[in-house]
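This report concerns only the one structure given below.
Only the coordinates and a few stated rules stand behind these numbers; no lab work does. Quick caveat, the model's predicted, so the values are computed rather than measured. Methodologically, a virtual Cβ is constructed for each residue, glycine included, from the backbone with ideal geometry; neighbour enumeration extends over all protein chains shown.
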Amino acid sequence: MDLIKLEDWSTSDIIETVDSAMAIKSAPENYTNSMNYHTLTLLFQKTSTRTRCAGEIGMMRLGGNSAYLDWRSTNFALADLRDEMQVLSSYTDLILVRFLLHNELIEAMEGATVPVINGCCDRYHPTQAIGDLMTIKEQFGRFEGVRLTYVGVHNNVCNSLISAGMKTGMQVTVVTPELNQAAEDPDLLSQAIQAGTCAISDQLQDAVQNSDAIYTDTWIDMEYFLDPSYEEEKKRRIAQFIPYQINKDLLKDQDVLVMHCLPAHHGYEISTEMIRDPRSIVFDQAANRMPSMQAIMLKLVQADG
Ligand code: CP
Ligand code: NVA
């Protein structure tokens, strides 16, 4: 069993994992030996704070250990991907990867003989979505009928929230005038719309007013944010998306929670004021990445026998 995208998991797999994450969070002392003699290897092509720490520190706190590999310092780039994944599998019990391209991730998974976790690719971010479901459950005590509106660019995080909605009954409305081309997944969108858990809207105010939670993410994925060749597109996106910024003017005094997977770009997709607002749960989301990653790892190790 792997975690490449949320659609691959059943509703009960997801709910059990969220419940297990909540149990780990409330009594971490019960889990300090649950990964004894187990190793997680992380293989990252992109930068990370939360996903990396949730994996590395999370594994250590379960009694296991981990090895972090920056792709550029390995021989992956000059070798056959499947060969290298097979070799890595002989040293480790789990592999957490952050690849640029979804297709390369699939090839890597096919080469691995131990469970592979997608720590974010251009199309999906399933470990983020499981952490977010945990945060939703903490706040609302349920998923069914919780109205979450995602505002901004339709990207990997948006796709995984749509999947999360389809699996749990959470209602996801997307106000996303543009799509990151690499994140295009028409099947997911049509299935979620057909399931009645996803709606597309171009009415920002209306969507916000009918929401229990508003979620946003960067307009520019991390690998492009500081890339000089992306400068023109970055300027275009900022001009196009500034009316979609999550700020006090948009939310006013509405009773709604504010979510962001982080890292946030203050003054772009969200104002500093909203990140620090009492309605913001962005730091709860970030903190929940650890127990939710621990629950994902435990589930995969148990499933792998
Ligand atoms: N939200 C998230 O995945 O953050 P990192 O890129 O820091 O891991
Ligand atoms: N969607 C952004 C942030 C993910 C944490 C990206 O892929 O860079």
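Taking 18 Å as the limit for the C-alpha separation, the pairs Lys137/Lys167; Lys5/Lys167; Lys25/Lys137; Lys46/Lys137 exceed it in the case of Lys46/Lys137. Cα centroids of the stretch 137-165 and the stretch 47-95: 28 Å apart. Highest mobility in the GNM of the chain, judged by mean-square fluctuation with C-alpha springs under 10 Å and restricted to Arg123, Arg50, Arg142, is found for Arg142. As a calculated quantity, the FRET efficiency between Ile238 and Leu100 at R0 = 30 Å, using C-beta atoms, amounts to about 0.85.
Here the stretch 89-192 is treated as an ellipsoid with the same Cα gyration tensor; its semi-axes, largest first and in whole Å, are 26, 18, 10. Across the chain, the fraction of Cα-Cα pairs farther apart than 36 Å, rounded to a whole number, is 14%. Value of Rg to Rh for the stretch 162-305, rounded to two decimals, is 0.99; Kirkwood radius and Rg both from alpha-carbon coordinates. A DSSP coil position with no more than 11 other Cβ atoms inside 10 Å describes the following trypsin sites (Lys or Arg not before Pro) in the stretch 200-305: Lys252.
Work out, step by step, the length gained on full extension between Ala182 and Leu81: first 0.36 nm times the residue separation, then minus their alpha carbon distance; give nm to one decimal.
Values: separation 101, 0.36 × 101 = 36.36 nm, distance 2.09 nm.
In short, 34.3 nm is gained.
Cα centroids of the stretch 167-227 and the stretch 233-305: how far apart, whole angstrom? That distance is 13 Å. With 0.36 nm allotted per residue and the present C-alpha distance subtracted, the Leu262-Met222 stretch has 13.3 nm of extension available. Once you list every other residue whose beta carbon is under 13 Å from the beta carbon of Ala264, what net charge do they have if Lys and Arg are +1 and Asp and Glu are -1? So the surrounding residues net to -2.
Take the alpha carbon gyration tensor of the stretch 16-174, find the square roots of its eigenvalues, order them as a ≥ b ≥ c, and report rounded if a/c is under 1.5; if not, report prolate when a/b exceeds b/c, else oblate.
It is oblate, given that a/c is not under 1.5 and a/b is not larger than b/c.
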